Amino acid sequence: MLKKRTFTELENANAILNGMEDCCDEFVETFVELHQQPIDNEYMYDWIIRSLVDVSKINQSVLYIACGTAGYSRLFKNTNRFVGLDLSQKMVNAAKRINKNPNISFDFYCTPLERFTTEERFDIIYLGPYGNNVPYSDEAFEKAKNLLAPDGMIFCTLPDPNINGLWQKTKEFMKQLLTKGVIYQHPTTKLEKMLNKHNLEVYLKLRLKTSLGHAFCYIVKKK
């Protein structure tokens, strides 16, 4: 009898993109358990970017791309509307099950950003995990801009490859040189060029460390 395979975190995070039907049940439940833990300093620091939006405005609406189970919505004190998109139907089902804050109107959809349609406009749009798993695209930025409320903000995050060591950086350098014929560029350089192309202005840039590793966060607005 074949032993049931346990997928790694990376495989589950990229499940749909890699052609898998969906991530495994135990991976979804790890997120559910995480969001049921007490809110201590470690938890708050791990989700610090989610907490930053509390200072922006009252009664804000949030569109979160790759929302997972969205249990961290309990950190949003000023939010009255939360719409989450994810490629995993299991994650969406779990998000609907565990998010019960009566002060927030929730909706969750199993769809990529590019296929999402709505008449709503949002104060905050997160493109965080979206950027970690697939490259930021022209379509993603144009869609996000069209869904942004006046004076709204887009949060973009991406991992910092420099902490992966010399060997990883050398492999990335050779990969880009051989496949694209270009000298290696840090992901932030690529992102900043993309933001400028789409007339998005950097409002705040942060470098942080979470349980998932080192990352950069860009908070941007329309010029």
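Descriptive notes on the structure:
- Output for the range 67-91, where each listed residue is in contact with a Ser or Thr (Cβ under 9 Å, 6 or more places away or on another chain) and among the hydrophobic types (A, V, I, L, M, F, W, C): 67, 75, 76, 82, 83, 85, 87, 91
- Scanning the range 22-39 for residues that are in a helix (DSSP H, G or I) and out of contact with any Lys or Arg (no Cβ under 6 Å at 6 or more places or on another chain) yields a count of 9.
- For residue 96, the stated conditions do not hold, so it cannot be described as in contact with a helix residue (DSSP H, G or I) (Cβ under 7 Å, 6 or more places away or on another chain), basic (Lys, Arg) and at pLDDT 90 or above.
- Some residue of the range 52-61 being outside any loop (DSSP other than H, G, I, E, B), modelled with pLDDT of 80 or more, surrounded by 14 or more Cβ atoms within 10 Å (Cβ to Cβ) and not charged (D, E, K, R): yes
The values are calculated or read from the model by the stated rules, or taken from the named source; none is laboratory data. Note that this is a predicted model, so its numbers are computed, not measured. All Cβ positions, glycine included, derive from the backbone under ideal geometry; neighbour counts span all protein chains shown.
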